[in-house]
1. Looking at the chain as a GNM with Cα springs under 10 Å, which of Leu201, Leu83, Leu162 has the largest mean-square fluctuation?
2. Quick one: 3J(HN,Hα) in Hz for segment 203-216, Karplus 6.51/-1.76/1.60 with θ = phi - 60°, rounded, Gly and Pro as x.
3. Which of these, Ile159, Ile93, Ile269, has the largest mean-square fluctuation under a Gaussian network model of the chain (Cα springs below 10 Å)?
4. Over what distance in Å are the Cα centres of segment 206-258 and segment 93-126 separated?
5. Let me spell out the model: positive unit charges on the Cβ of Lys and Arg, negative unit charges on the Cβ of Asp and Glu, origin at the Cα centre of segment 24-65. What dipole size does that give, in debye rounded to 20?
6. For Lys50, which aspartates and glutamates qualify as cross-link partners when the Cα separation must be under 18 Å and same-chain residues fewer than eight apart are set aside?
7. Under the classification rounded if a/c is under 1.5, otherwise prolate if a/b is larger than b/c and oblate if not, where does segment 21-107 fall, given a ≥ b ≥ c as square roots of the Cα gyration tensor eigenvalues?
8. Quick one: grab Rg to one decimal and Dmax as a whole number for segment 60-159, Cα atoms only, in Å.
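Values in this text are rule-based calculations from the coordinates and carry no lab data. Fair warning: this is a prediction, and the values are worked out from it, not measured in the lab. Backbone-built Cβ (ideal geometry, glycine too); neighbour counts: all protein chains shown.
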Amino acid sequence: MKTIRGMFFSGTGTTEKIVKSVASEMAAALPAGAFAKAADIDFTPPETRKRVYTFGADDIVVFGTPVIAGRVPNVLLKFLNTLEGGGAQAVPIVLYGNRNYDDALIELRNILEERGFHTVAAAAFIGEHSFSKVLAAGRPDREDMNRAGAFARAAAVRIKTLGKRIPEPVEVRGETPVRDYYKPRDRHGEYINILKVKPKLDAERCTACGICVDACPMGSIRKSAPGIVEGICIKCCGCEKKCPEGALYFDDPGYIYHKEELEYLYAGIRREAEVFIPED
């Protein structure tokens, strides 16, 4: 019996929502006697990325990451290069905040193929931008989830059609070699460097609940100092968006400028999912 599972990194829960839905819908669309849903793997918490995940030819993995700067998050590359696909079928999915996913999907596909997976279908979905509560607000929404369901069912049909055949890597939009990371710029074309920017804490609002400690995928917030980001910050904004008191905030001028530019340029546009399923 083949197993189907989702595997994802998701700072604010949007990638998780799509991946879990696609994996469940695929399992429901495939014959119950030959395919079964297995437990999903959330590799967002830092401790989960310390182990090696091994798969085999009887596994199907719906694999999702967010897009950061038009690419797969670079902090994940070391972990992703420890995966052992073992001939498993994979469905790469990226989720981006309404600007563009650039080369993230082709990069993820290439990584999975290099690690011994066989990619059979792929997709790019839209989620609320990590920096903003305006840009792609509330997404993935009902329309996105309906699209995810249709994609999952079509991917299931392809898996049934393939049988034991090994497919060519799924063709997706993007360039090879992949382009450099997207760099935000001001209206004069000058690069805005926000790499070292971290959220700040409003101590009067903080109740030391510890939600931000668990939310940080880099383990950069200690239990003894909730709200204080001491280590690497990838600007996933999980801590800020999940804080029930609104105690975490950004005030860096470059960060705010970039966020407002993104909202000005893209908030009025509704991007739609792009799906890639070869016809056999």
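1. Of Leu201, Leu83, Leu162, the most mobile in the Gaussian network model is Leu162.
2. Couplings: 4, 5, 8, 5, 10, 6, 6, x, 4, 5, 4, 6, 6, 6 Hz.
3. It is Ile269.
4. Here the answer is 27 Å between Cα centres.
5. It works out to roughly 160 debye.
6. Reachable aspartates and glutamates: Asp40, Asp42, Glu84, Asp214.
7. oblate
8. My reading of the Cα-based Rg and Dmax gives 13.9, 42 Å.
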